[in-house]
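Data first, discussion second: the structure below is written as structure tokens.
The values are calculated or read from the model by the stated rules, or taken from the named source; none is laboratory data. Bear in mind the structure is a predicted one, so any value in this text is a computation, not a measurement. All Cβ positions, even for glycine, are placed from backbone atoms using ideal geometry, and neighbour counts span all protein chains on display.
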Amino acid sequence: MLQSQVAVTLLTFIAASIFVLLRGSAAIVSYHLIFAVGILPLILGAMVHFLPVLARSKTPGNFIRILPAIATIGGILATINFAFPKAMPYGVYLGVVIIIITVAGLVVWAYRLRVGAIGKPHPCLDWYLAALLCLFIALGAILMGYFIPAQRAALRLLHLHLNTLGFIGITALGTLQVLLPTAAQRPDPIVASRMHKHLKWVVAGTVIIACGAAWHHNLAWIGVILMTVPIIDIFKSWIQLYSKAIFKIHGAAPALAAALCGYVIALIIGSIHGYHQPHFNPIATFIIAFLMPLVTGAVSYLLPLWLRPGQQTPWHQAARRHLGYGGGLRALIFMAGGVMVGLGHELGWYLAVFTTGTFLAQTLLLFMMVRA
């Protein structure tokens, strides 16, 4: 299921970028296509894969495995609602309810894994729980907007920030700190203690940014300042340990490191947008400069494992070299494109389509090699 979702996510990146360029569709449709259909199921599926490992527990049952697919249905309904509001006037609320039920099931399962873990679970498990709770609240905000129309605009901003910086951002920051050392084939000796120490800063910063964006812009800067504490520590550790792996033309590591840079760029453009430049587009920057290198970098390393689980072989190494070819160059193009669209230049979307398209071709070629 994860293999298929990878292809779906890459296709949503390309399709949504094309929709934005055509100007015939509202940006909200493209953004929900990416977030609700492309990213949400992929993250939930990856969590289902990783959480038992983090808790040193047994693999999940069939019911847990299908929850990401159920969430996809909710995401599709919500997206269709924005594309054809008259045909499905309440589709977004139905989609939200479906995803809320799915997320609640995953939260209960993840918490039970944490409680029943053999020994102390990896801190990344707590990051995933925090991310799921942010998503739960973000979805609840949409339902609350239905009952409190006067607060609907503010609750939508809360939903947006708890979804992007909360659910996606916390998941990504946690995963990156575990995945980059694996991709670089060199352990980070203090990653567990650093993640345990920094989770409170990341959660507090995210919540303050979200509440500030919704109700009081001046609070948002406090959240951004809190976020700099863990981000600076991560960068410092990565430069000390992985500078040779990061500054390369090929491989997964350059893309993963670039994703963190893209996250910072999105925070900066978002902060400026909130105060001085309303024509800036931090959501587009978040998608191109952060999500696209994050997904392509993670897929470069993880997809061979998902295609052929079990013992690592020379085939896995060759597959990672194939997917990681041009990874560093892709990352630079994504970051440049993210800055461009954030500043209002549509050329960045063209760069996103081209770069994601080349990676999709590499991925499809690997699929054909597996089936051959």
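Considering Trp215, Trp201, Trp221, the condition of being in contact with a Pro (Cβ under 6 Å, 6 or more places away or on another chain) and among the aromatic types (Phe, Trp, Tyr) is satisfied by Trp201 alone. In this structure, does Gly324 turn out to be buried (at least 22 other Cβ atoms within 10 Å of the Cβ), farther than 20 Å from Ile39 by Cβ and either aliphatic (A, V, I, L, M) or not assigned by TED's automatic domain parsing to the domain that holds Gly45 (or both)? Yes, satisfied.
Candidates are the residues of the stretch 64-100 that are touching a residue at least 24 places away in the same chain (Cβ under 8 Å) and of a type in the set (Phe, Trp, Tyr); the one that is nearest to Val8 (Cα to Cα) is Phe82. When each of Ala87, Ala150 is tested for being over 23 Å from the mean Cα position of the chain (by Cα), assigned by TED's automatic domain parsing to the domain that holds Thr59 and either under 20 Å from Asn163 (Cα atoms) or of a type in the set (A, V, I, L, M) (or both), the lone residue that passes is Ala87.
Residues are listed down the side, and each one gets a yes or a no for (1) closer than 25 Å to Met368 by Cβ; (2) of a type in the set (A, V, I, L, M); (3) not assigned by TED's automatic domain parsing to the domain that holds Leu42:
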position: Ser271; (1), (2), (3): no, no, yes
position: Pro282; (1), (2), (3): no, no, yes
position: Thr285; (1), (2), (3): no, no, yes
position: Ala289; (1), (2), (3): no, yes, yes
position: Pro293; (1), (2), (3): yes, no, yes
position: Arg308; (1), (2), (3): yes, no, yes
position: Gln312; (1), (2), (3): yes, no, yes
position: Arg320; (1), (2), (3): yes, no, yes
position: Ala352; (1), (2), (3): yes, yes, yes
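Just one of the listed residues (Tyr275, Tyr325, Tyr242) is in contact (Cβ under 8 Å) with a residue 12 or more places away in the chain, within 22 Å of Gln5 (Cα to Cα) and not hydrophobic (A, V, I, L, M, F, W, C), and it is Tyr325.
Conditions (1) among the small types (Gly, Ala, Ser); (2) touching a Gly at 6+ places or on another chain (Cβ under 7 Å); (3) closer than 21 Å to Thr79 by Cβ, marked per residue:
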position: Ala141; (1), (2), (3): yes, no, yes
position: Tyr146; (1), (2), (3): no, no, yes
position: His198; (1), (2), (3): no, no, no
position: Ile208; (1), (2), (3): no, yes, no
position: Ala213; (1), (2), (3): yes, yes, no
position: Thr228; (1), (2), (3): no, no, no
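The residue list Ala266, Ala245, Ala220, Ala257 contains one member that is in contact with a Ser or Thr (Cβ under 9 Å, 6 or more places away or on another chain), within 29 Å of Gly324 (Cβ to Cβ) and part of a helix (DSSP H, G or I), which is Ala266. Among the numbered conditions (1) out of contact with any Leu (no Cβ under 6 Å at 6 or more places or on another chain); (2) farther than 27 Å from Gly324 by Cα, the only one that Ala204 does not meet is (1).
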